């Protein structure tokens, strides 16, 4: 739900095999890149949209559209980075919105990245490479987590599959930073990072574009290869959702002060509310 009461939705954008190959996307039949749509719930009208398909680059066929050097164009998406046979080539799994900057963060699991998109654009500008508050149209304003996704040999790869780009707000510890749950599939070790998001986005080729790590938590018993996430509590602790286990509460000093075992129940993610908060006022939980 956006501040204007519209609903921002993350969906697949079906591209059939013929169109995909005509644009230099190889390795699958139909493909399903990501798309964002903003819907007015009163009218069901789509009032804004962003299509990743309109911001791609490919370096395999010089005679086809979108051909270019991936490393020289970090603002574009290498459409052949992850040619999965089932067509789910990006597998985005979470979004967050920054009202102050009017930007959207998208967690892109198959690229092990988070993409930053300008929401201030018109629909026409979002389909182009200019316009909006940042004059980049719908091109990526910033991306982080995996420099290899855009052939950048500078900077350390931070993510190995990721979920829940959670921008810290509401005056909690670390306000303005972002929590990200890194699944860590390769090493079977999950990590929760708190990252310092740059105030000004400056996405450049052949440069370390990765944000600074403010805080991280890892534990040999913390691992789930899918789902999961983390939120910051008002007491400064971090509540971690380990999707196939349950929950961990961890202090800034990385002391585990509470755990909850779900005994086989899977948890997509968790949100925290005060018992006396307005969100729970209709449930009579104090009685």
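Every read-out reported here was derived from the displayed coordinates using simple, explicitly stated rules and does not represent laboratory data. From a predicted model like this one, the values you see are computed outputs, not experimental measurements. Note that we place each Cβ from the backbone using ideal geometry, even for glycine, and neighbour counts take in every protein chain shown.
Hey, fewest Cβ within 10 Å first, where do 173, 275, 141, 204 land in order? Provide the component values of the computation, followed by the final result.
Details: 173 16, 275 8, 141 20, 204 11.
Arranged by neighbour count, lowest to highest, 173, 275, 141, 204 become 275, 204, 173, 141.
When a/c is below 1.5 the answer is rounded, else prolate if a/b is larger than b/c, else oblate, so apply that to the stretch 172-220 with a ≥ b ≥ c taken from the square roots of the Cα gyration tensor eigenvalues. Mind showing how you got there, number by number?
Numbers: a/c = 3.29, a/b = 1.36, b/c = 2.41.
Oblate, because a/c is 1.5 or more while a/b does not exceed b/c.
For the chain, which semi-axes, largest first and in whole Å, follow from the square roots of 5 times the eigenvalues of its Cα gyration tensor?
Working: eigenvalues 214, 100, 70 Å².
Semi-axes, largest first: 33, 22, 19 Å.
So for 187, 216, 38, fewest C-beta neighbours within 10 Å to most, what's the order?
On the way: 187 9, 216 14, 38 19.
If I rank by nearby Cβ atoms, fewest first, I get 187, 216, 38.
Between residue 254 and residue 148, what is the FRET efficiency for a Förster distance of 25 Å, r being their Cβ-Cβ separation, to the nearest 0.05?
Efficiency for this residue pair is about 0.30.
Give the order of 14, 101 when sorted by the count of other beta carbons within 10 angstrom, beginning with the fewest. Show your work: numbers first, answer last.
Values: 14 13, 101 18.
Fewest to most other Cβ atoms nearby, the residues stand as 14, 101.
Where in the stretch 77-105 is the amide nitrogen less than 16 Å from a point lying 7 Å along the Cα-to-Cβ axis of residue 199?
Only 100-101 pass the distance filter.
Nearest 5 is fine: what % of DSSP beta bridges in the stretch 54-283 come out antiparallel, could you say? The partial results should precede the final answer.
Numbers: 44 of 47 bridges.
The antiparallel proportion sits near 95 percent.
Residue separation times 0.36 nm, minus the C-alpha to C-alpha distance between residue 206 and residue 170: what's the value? Intermediate values should be presented prior to the final figure.
Working: separation 36, 0.36 × 36 = 12.96 nm, distance 3.56 nm.
So the extension gain works out to 9.4 nm.
Over what distance in Å are the Cα centres of the stretch 138-162 and the stretch 211-287 separated?
Here the two parts' Cα centres lie 26 Å apart.
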